[in-house]
1. Pull up the range 181-194, narrow it to residues that are in a helix (DSSP H, G or I) and not hydrophobic (A, V, I, L, M, F, W, C), then point me to the one that is surrounded by the fewest Cβ atoms within 10 Å (Cβ to Cβ).
2. Checking the structure you have, find out if any residue of the range 120-137 is small (Gly, Ala, Ser) and closer than 30 Å to residue 273 by Cβ.
3. Within the range 156-166, is there a residue that is over 19 Å from the mean Cα position of the chain (by Cα), under 23 Å from residue 238 (Cα atoms) and not assigned by TED's automatic domain parsing to the domain that holds residue 65?
4. Tally time: how many residues in the range 105-125 are on the phi > 0 side of the Ramachandran plot and surrounded by fewer than 21 Cβ atoms within 10 Å (Cβ to Cβ)?
5. Residue check: is residue 239 over 19 Å from the mean Cα position of the chain (by Cα) and either under 21 Å from residue 79 (Cβ atoms) or assigned by TED's automatic domain parsing to the domain that holds residue 157 (or both)?
6. Does residue 265 satisfy the condition of being farther than 30 Å from residue 56 by Cβ, part of a strand (DSSP E or B) and not assigned by TED's automatic domain parsing to the domain that holds residue 71?
7. Looking at the range 195-208, can you tell me whether even one residue there is in a loop (DSSP other than H, G, I, E, B), charged (D, E, K, R) and within 14 Å of the chain's Cα centre (by Cα)?
8. Go through (1) at pLDDT 95 or above; (2) surrounded by fewer than 24 Cβ atoms within 10 Å (Cβ to Cβ); (3) not hydrophobic (A, V, I, L, M, F, W, C) and name the single condition residue 128 misses.
Amino acid sequence: MKTSLSKLGEFGLIDFIKKRIDKNASVIEGIGDDTAIVSYPANKKLLLTTDMLIEDVHFTKDIPARVIGHKALACSISDIAAMGGVPRHALVSLGVSGRTKTQYVKEIYSGINRLARKHKVAIVGGDTVKSDKLIINIALTGEAELKHVIKRSGARVGDQIFVTGRLGGSLETGRHLTFQPRLKESKYLVKYFKPTAMIDISDGLAPDLKHILEASDVGAHLIEENIPVHADVSVVNAMYDGEDFELLFTLPKAQAKQLMKRKLTMKFYPIGEIVDKKDKFCVIDREGRKKDLTRKGFQHF
């Protein structure tokens, strides 16, 4: 459709979106009322997250609309995965110029809906506003059994530190737009093991690990040669580039040994160990030298 949004109108846009969004059996009332209504199992814990993506900060306008939609939902699913949960329902809010063609919005929602369908996420509502720059905000619910909820605050001295994939260079290569959230890996870990702490790497390995260390009141030593990096990427890139969206987690030493013995198609890389808080947060190189990790990753302010 070549019709612009200014001609379609706000309510026409809502109806346009409503006709193109899938529902699932848990949705009692989706788009079209004052709120969505969904059923919720009593034996689960509710997880809530939200991510806002803004043109020229998280993506540029020359990126295909379908890819932008994919990233918008993938960021939120990654947060749910980091808590050991399963994503369930999403609210999609869109800020967009009235000059934007309806087909462009259709492509955004196509990218969102394709990933939502893959992970059985129901789009149940949202909001639309006029904006000079493209803004997408997704609020996502998830669910988890209480025993499977993984916080940042559970890491203990002696725990081994893992990541689920190679790091660094995400922005330069475009991987930050097309990544697949590590939901499969999260499900496997909570089913067969018990991570003591977990987070997804959005700001960089060092800054995000520091979140775990501060919440758990511990320190960490990383082994430089064990940190998996993409081709033509340095360990410094792996530490601070961000937007890798791999899972970073800790396991008790005995469970870590069990995990490493299993032959899996999924990747789990051991990269270091949790130490006492008084020990320096550092990376140890091949010669045994300790390099301090005090640099900050990306921050909006």
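The values are calculated or read from the model by the stated rules, or taken from the named source; none is laboratory data. Since this is a predicted model, take the numbers as computed values, not measurements. Every residue, glycine among them, receives a Cβ derived from its backbone with ideal geometry; neighbour counts consider all protein chains shown.
1. Looking at residues that are in a helix (DSSP H, G or I) and not hydrophobic (A, V, I, L, M, F, W, C), I get 191.
2. no
3. We begin by selecting, within the range 156-166, every residue over 19 Å from the mean Cα position of the chain (by Cα); these are 156-160.
Filter once more, keeping what is under 23 Å from residue 238 (Cα atoms): 159-160.
After this cut, where a residue has to be not assigned by TED's automatic domain parsing to the domain that holds residue 65 as well, the list is 159-160.
Checked against the condition, which is being over 19 Å from the mean Cα position of the chain (by Cα), under 23 Å from residue 238 (Cα atoms) and not assigned by TED's automatic domain parsing to the domain that holds residue 65, the range 156-166 yields at least one hit.
4. Count: 1.
5. On the way: over 19 Å from the mean Cα position of the chain (by Cα): no; either under 21 Å from residue 79 (Cβ atoms) or assigned by TED's automatic domain parsing to the domain that holds residue 157 (or both): yes.
Taking the combined requirement at face value, the residue does not satisfy it.
6. Details: farther than 30 Å from residue 56 by Cβ: yes; part of a strand (DSSP E or B): no; not assigned by TED's automatic domain parsing to the domain that holds residue 71: yes.
Considered against the rule, which asks whether it is farther than 30 Å from residue 56 by Cβ, part of a strand (DSSP E or B) and not assigned by TED's automatic domain parsing to the domain that holds residue 71, residue 265 comes out as no.
7. Taking every residue of the range 195-208 in turn, at least one turns out to be in a loop (DSSP other than H, G, I, E, B), charged (D, E, K, R) and within 14 Å of the chain's Cα centre (by Cα).
8. (1)
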